[in-house]
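J.: What follows is a single structure, and I will ask about it in a moment.
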Amino acid sequence: MSDDDGLVRLQKLLAQSGIASRRKCEELMLAGEVEVDGEIVTRLGTKVDPRTAVIRVSGRRLPPVSPHAYLVLNKPRGVVSTMSDPEGRRNLTDVIEEKAAEHGRLFHVGRLDTDTSGLLLLTNDGDFAHRMAHPSYEVDKTYVAEVEGDVKRSTIASLLEGVTLDDGPVAVARARIVARGPGGRGTIVELVIHEGRNRIVRRLLDHVGHPVRRLTRTGFGPVSLGQLKTGELRELTRDELGELLDSVRL
């Protein structure tokens, strides 16, 4: 796709990335909607390095051309969040065996408890995996929990004010009641937190008097499970990957 010098015409790169037709991409450039490394580019025929240029179209980040894989897994309950397990328990490699062979060694971004299901990112980009899991970048993680008891609005308010556990305070970005069970015998709540500490959601809800029965992570930054079935994989979309790269400043 590139010339001998490794560079490619910008409108060609945009078209091949699925932004729009070549003609429409040229129109976007002329309209000042395309930015490269912080500068608006309107000159048709401008060449860029597709591997390193930070490109935005109408403000949205276009991920660089990369040999790396960026995948979303809906992890089943009962699967340990490791790529292998010396105790012989079912692990991530067992779930994604074909994809693992296709992409070589994959890393999981962060972890999910064995008894927690839901969204887990997998990649063979070690730098990306490290940054995405690092607490300093504060990527939102969304969880839906079925808990015991009838959760009151005052409890939601307490969560939003902040809760201090044995290993320190926990900041809850958003919290809401999704549904209530009959007779107050259970409640489904949604929480958004930045934390990645061990069993943090379960400990948080247990602390406010509502032990978790079932827990699923439904979102990671801009990425959501959507209709992805348990045990299935998909690739990150262009926009999802672009937002995640921006969030960890890659």
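The values are calculated or read from the model by the stated rules, or taken from the named source; none is laboratory data. Nothing here was measured: the structure is a model prediction, and the numbers come from that model. Please note: Cβ atoms are built from the backbone with ideal geometry, for glycine as well, and neighbour counts cover all protein chains shown. SASA here: full protein model, heavy atoms, side chains in, ligands and nucleic acids out. Shrake-Rupley method; radii C 1.70, N 1.55, O 1.52, S 1.80 Å.
J.: Examine segment 45-54 for a residue that is touching a residue at least 40 places away in the same chain (Cβ under 8 Å), within 24 Å of the chain's Cα centre (by Cα) and part of a strand (DSSP E or B), and state whether such a residue exists.
T.: So far as segment 45-54 goes, no, none of its residues is touching a residue at least 40 places away in the same chain (Cβ under 8 Å), within 24 Å of the chain's Cα centre (by Cα) and part of a strand (DSSP E or B).
J.: Please specify each residue of segment 131-152 satisfying the condition of being among the β-branched types (Val, Ile, Thr), in a strand (DSSP E or B) and within 12 Å of Phe220 (Cβ to Cβ).
T.: Residue satisfying the conditions is Thr142 alone.
J.: Looking at Val144, is it modelled with pLDDT of 95 or more and open to solvent by 20 Å² or more (accessible area, probe 1.4 Å)?
T.: yes
J.: Separate question: Listed residues Leu245, Leu205; which is buried (at least 18 other Cβ atoms within 10 Å of the Cβ) and modelled with pLDDT of 95 or more?
T.: Result: Leu205 is the single residue among Leu245, Leu205 that is buried (at least 18 other Cβ atoms within 10 Å of the Cβ) and modelled with pLDDT of 95 or more.
J.: Any residue in segment 18-37 that is part of a helix (DSSP H, G or I) sitting within a Cβ distance under 7 Å of a residue that is among the β-branched types (Val, Ile, Thr)? List the pairs, counting only those 6 or more apart or interchain.
T.: Cys25/Ile19; Leu28/Val34; Leu28/Val57; Met29/Val41; Met29/Thr42; Leu30/Thr42
J.: Now a separate question. Please specify each residue of segment 199-218 satisfying the condition of being part of a helix (DSSP H, G or I) and either among the hydrophobic types (A, V, I, L, M, F, W, C) or under 22 Å from the mean Cα position of the chain (by Cα) (or both).
T.: Scanning segment 199-218 gives Ile200, Val201, Arg202, Leu204, Leu205.
J.: Take segment 106-130 and flag every residue that is in a helix (DSSP H, G or I) and either touching a residue at least 40 places away in the same chain (Cβ under 8 Å) or over 19 Å from His194 (Cα atoms) (or both).
T.: Passing the criteria: Gly126, Asp127, Phe128.
J.: Could you please find all residues in segment 83-105 being under 20 Å from Gly126 (Cα atoms), modelled with pLDDT of 90 or more and not in a helix (DSSP H, G or I)?
T.: Across segment 83-105, the qualifying residue is only Asn91.
J.: Here is a follow-up. Looking only at segment 47-61, decide whether some residue is open to solvent by less than 20 Å² (accessible area, probe 1.4 Å), out of contact with any Pro (no Cβ under 9 Å at 6 or more places or on another chain) and among the small types (Gly, Ala, Ser).
T.: No: zero hits.
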